[in-house]
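Single-structure report; data block below.
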Amino acid sequence: MRPLFSRAESRAFDRDAVERLRVPSLLLMENAGRGAAEAILERFHDRLDLAVVVGGPGQNGGDAWVVARHLLSAGARVVSFVTVPPERITGDARVNFDALVGMGEAPRPLERLDELEALLARATLVVEGLFGTGLTREIQGKDRAVLEAIDAAGAPLVSLDLPSGVDADTGQILGFAPTAALTVTFLGEKRGLHQHPGRARAGEIVVAGLGVPDDVETGAWLLEAWDLAESLVARSADAHKGTAGHVALYAGSADKPGAALLAGRAALRAGAGLATLVAPPEAAHAIAPRCLELMFAPLEGAEALSRSFQGKTSGVLGPGLGEDDATRAVVERVALEAPFPVCVDADGLNLLAHGVGIGALRSATAPRVLTPHPKEAARLLGISTSEVQRDRYAAATRLAAESGHVAVLKGAGTVVASPDGRLAVCPRGTPALGTGGTGDVLSGIVGALLGTLEDAFEAACTAVLWHALAGEWAAATDRGLLASEVADALPTVLRSIRG
């Protein structure tokens with residue numbers, strides 16, 4: 001995993017570098033701008049005929065002036081614009097602004113938008129540094145018009161730190177944000193770069209280091225492919241089904257057998273030694289014959305439910321169960337009393353939302369992992385889906401805090417949160433995963449890993465990453481993927497990651 005920075009954490013790092021490490025802030029700006037220029041020259045060395053650089057009044061503008069100077073030194077033709085009267089530029093940004101003046105390439109005060117638009121029409125490359133991580137207000141007026149003109153230009157756009165207008169913490173758009181081909185972000189990636197719609201504006205993301213140690217503690221981390229191999233170590237030669245975990249799947253009904261079958265298939269593909277489907281007797285004819293590797297235990301009364309707890313190492317609760325009163329009783333008992341870790345998904349989440357609520361899970365006898373999509377999360381939290389999506393980090397954190405267990409907020413940029421404050425984001429996946437059944441596959445993977453990994457947060461992170469990589473592997477394009485294909489790709493993905 002690599003660190004993912006919030007607005008506050010980025011500022012704290014800068015302060016610490018200056019005050020504790022005694023690194024001049026001017027040097028931090030120089031390192032940032034030079035790193036950005038190097039990334040630009042590596043990718044756009046053939047587009048230096050006319051690079052238009054637009055900077056704002058603050059530190060982000062200062063980064064832009066450093067970039068302009070380095071591009072000039074590399075032989076590019078550079079024309080720079082400043083969006084405010086030059087006398088408003090102060091501090092380190094002023095030093096780098098004056099350096100351009102001394103080189104005879106003073107940034108032009110942007111007094112008329114048509115002057116910028118005329119140059120943008122001929123530009124071969126555009127670099128913008130109007131607003132950085134500190135932006136919290138909505139962009140309006142002249143600033144918005146400038147960004148709209150930049151966005152309309154035909155040349156590739158490079159944004160510094162993050163596209164201006166993207167909220168550094170949430171990824172929401174503060175009025176307007178252009179779409180970059182490349183975002184060079186400083187120190188480390190920002191949370192807003194890995195949630196939509198900000199992610200869609202960022203293009204390729206490259207990190208430019210600041211020349212100081214970056215072993216800083218952050219509240220969020222970005223999952224990486226090698227994390228999978230680190231968590232799923234090779235089994236010993238004498239491993240057998242009894243040591244690989246036994247998953248109880250409280251899933252499926254006569255009307256919805258597919259969800260249970262997909263969860264069970266995924267649990268086995270993810271390495272569970274045994275998987276038992278615990279479902280109503282009327283579901284047996286629809287489910288039991290369709291997966292030879294799944295065992296079946298009819299759910300008939302309280303005693304049968306108690307027996308289902310015996311000998312299991314983990315569970316999955318919810319896929320395809322339905323939402324009648326009898327099922328609610330089963331869900332609440334399994335969620336609160338099962339003596340092993342359980343992944344709660346789908347109908348399990350909905351029944352909890354309409355019944356005892358997720359706060360009741362604080363009395364659960366073992367770890368739980370909740371895996372809602374945004375609508376389910378909204379139902380659990382008593383808010384709208386749009387509120388969940390406006391700040392997915394906050395929603396996932398609240399789910400974990402209120403339940404006392406790990407929460408997985410599904411969707412593009414899936415967020416995993418633990419009640420002890422840990423956050424992780426999965427940057428992998430494909431739009432092709434947006435099809436029925438893929439969530440059931442994820443719950444099966446989580447269930448399998450809860451039986452073999454001691455930490456529920458690690459199990460959830462590993463499952464989310466594995467699921468995303470399997471989707472990428474199995475998808476031929478951005479649509480047409482079957483959930484069962486995701487499950488079947490799991491072993492192949494693990495083999496490829498291990499090398």
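Answer yes if at least one residue in the range 291-309 is among the polar types (S, T, N, Q), farther than 16 Å from Leu349 by Cα and either out of contact with any Cys (no Cβ under 9 Å at 6 or more places or on another chain) or surrounded by 24 or more Cβ atoms within 10 Å (Cβ to Cβ) (or both), and no otherwise. Spell out how you get there, then give the answer.
Here is the first cut: in the range 291-309, the residues among the polar types (S, T, N, Q) are 306, 308.
Now narrow it down to the ones that are farther than 16 Å from Leu349 by Cα: 306, 308.
So of that shortlist, the ones also either out of contact with any Cys (no Cβ under 9 Å at 6 or more places or on another chain) or surrounded by 24 or more Cβ atoms within 10 Å (Cβ to Cβ) (or both) come out as 306, 308.
So far as the range 291-309 goes, yes, one or more of its residues are among the polar types (S, T, N, Q), farther than 16 Å from Leu349 by Cα and either out of contact with any Cys (no Cβ under 9 Å at 6 or more places or on another chain) or surrounded by 24 or more Cβ atoms within 10 Å (Cβ to Cβ) (or both).
Every residue in the range 189-215 that is of a type outside the set (Asp, Glu), more than 12 Å from the chain's Cα centre (by Cα) and outside any loop (DSSP other than H, G, I, E, B), please.
Once the filter is applied, which keeps residues that are of a type outside the set (Asp, Glu), more than 12 Å from the chain's Cα centre (by Cα) and outside any loop (DSSP other than H, G, I, E, B), the range 189-215 yields Ala200, Arg201, Ala202, Ile205, Val206, Val207, Ala208.
For Ala155, which of the numbered conditions (1) touching a Ser or Thr at 6+ places or on another chain (Cβ under 6 Å); (2) within 19 Å of Ala93 (Cα to Cα) fails to hold?
Every listed condition holds for Ala155 apart from (2).
Tell me, which residue of the range 418-440 that is touching a Gly at 6+ places or on another chain (Cβ under 9 Å) and under 16 Å from Gly258 (Cα atoms) is surrounded by the most Cβ atoms within 10 Å (Cβ to Cβ)?
Taking the candidates together, the pick is Asp440.
Considering the range 44-59 alone, what residues qualify as being under 22 Å from Leu147 (Cβ atoms) and touching a residue at least 60 places away in the same chain (Cβ under 8 Å)? Give the derivation first.
Within the range 44-59, the subset under 22 Å from Leu147 (Cβ atoms) is 44, 47, 50-59.
Hits for the range 44-59 are Phe44, Arg47, Leu50, Ala51, Val52, Val53, Val54, Gly55, Gly56, Gly58, Gln59.
Among the residues of the range 410-421, how many are in contact (Cβ under 8 Å) with a residue 60 or more places away in the chain and more than 9 Å from the chain's Cα centre (by Cα)?
Here the count works out to 1.
Suppose we filter the range 310-319 for residues that are within 17 Å of Ser443 (Cβ to Cβ) and surrounded by fewer than 24 Cβ atoms within 10 Å (Cβ to Cβ); how many remain?
The initial filter retains those residues of the range 310-319 that are within 17 Å of Ser443 (Cβ to Cβ), namely 312-319.
Keeping just the survivors that are surrounded by fewer than 24 Cβ atoms within 10 Å (Cβ to Cβ) gives 312-313.
So the count comes out to 2.
Could you grab me the full set of residues in the range 389-423 that are among the charged types (D, E, K, R) and within 17 Å of Trp221 (Cα to Cα)? Show your work before the answer.
Taking the range 389-423 as the starting set, the residues that turn out to be among the charged types (D, E, K, R) are 390-392, 398, 402, 410, 420, 422.
Selection gives Asp391, Arg392, Lys410, Asp420, Arg422.
Restricting attention to helices (runs of 4 or more DSSP H) lying wholly within the range 350-438, give those where 2 or more residues are of a type in the set (Gly, Ala, Ser). Talk me through it step by step, then tell me what you get.
Working: elements: 374-381, 385-390, 392-403.
Passing ranges, in order: 374-381, 392-403.
Which of the residues that make up the range 444-499 are of a type in the set (D, E, K, R), in contact with a helix residue (DSSP H, G or I) (Cβ under 7 Å, 6 or more places away or on another chain) and more than 21 Å from Leu317 (Cβ to Cβ)?
Initial filter on the range 444-499 (of a type in the set (D, E, K, R)): 454-455, 458, 472, 478-479, 485, 488, 495, 498.
Subsequent filtering for residues that are in contact with a helix residue (DSSP H, G or I) (Cβ under 7 Å, 6 or more places away or on another chain) retains 458, 478-479, 485, 488, 498.
Residues satisfying the conditions are Asp478, Arg479, Glu485, Asp488, Arg498.
Go over the candidates Leu135, Leu120, Leu160 one by one and state the one that is more than 23 Å from Ala76 (Cα to Cα), surrounded by 14 or more Cβ atoms within 10 Å (Cβ to Cβ) and in contact (Cβ under 8 Å) with a residue 12 or more places away in the chain. Show your work before the answer.
On the way: Leu120 fails: more than 23 Å from Ala76 (Cα to Cα); Leu160 fails: more than 23 Å from Ala76 (Cα to Cα).
Exactly one of Leu135, Leu120, Leu160 is more than 23 Å from Ala76 (Cα to Cα), surrounded by 14 or more Cβ atoms within 10 Å (Cβ to Cβ) and in contact (Cβ under 8 Å) with a residue 12 or more places away in the chain, namely Leu135.
Hey, can you tell me all the residues within the range 138-157 that are crowded, with 20+ Cβ neighbours inside 10 Å and either under 20 Å from Gln389 (Cα atoms) or among the β-branched types (Val, Ile, Thr) (or both)?
Ile139, Val146, Ile150
Taking the range 265-278 as the search range and keeping residues that are touching a Pro at 6+ places or on another chain (Cβ under 9 Å) and in contact (Cβ under 8 Å) with a residue 40 or more places away in the chain, which one is surrounded by the most Cβ atoms within 10 Å (Cβ to Cβ)? Explain how you work it out, then say what you get.
Quick first cut of the range 265-278, residues touching a Pro at 6+ places or on another chain (Cβ under 9 Å) only: 269-271, 278.
The next check asks that each one be in contact (Cβ under 8 Å) with a residue 40 or more places away in the chain; those that pass are 269-271.
On the way: Arg269: 24, Ala270: 30, Gly271: 19.
Ranking the qualifying residues of the range 265-278, first place goes to Ala270.
Conditions tested, residue by residue: (1) over 21 Å from the mean Cα position of the chain (by Cα); (2) part of a loop (DSSP other than H, G, I, E, B).
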position: Val146; (1), (2): yes, no
position: Ala149; (1), (2): yes, no
position: Ala155; (1), (2): yes, yes
position: Ser164; (1), (2): no, yes
position: Thr170; (1), (2): no, yes
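Would you tally the residues in the range 291-318 being within 27 Å of Thr243 (Cβ to Cβ) and outside any loop (DSSP other than H, G, I, E, B)?
So the count comes out to 12.
Just one of (1) more than 19 Å from Leu249 (Cβ to Cβ); (2) modelled with pLDDT under 95; (3) small (Gly, Ala, Ser) trips up Ser386, so point out which.
(2)
The values are calculated or read from the model by the stated rules, or taken from the named source; none is laboratory data. Because the structure is predicted, anything quoted here is derived from the model rather than measured. A quick note on method: Cβ atoms are made from the backbone with ideal geometry, for glycine too, and the neighbour counts reach across all protein chains shown.
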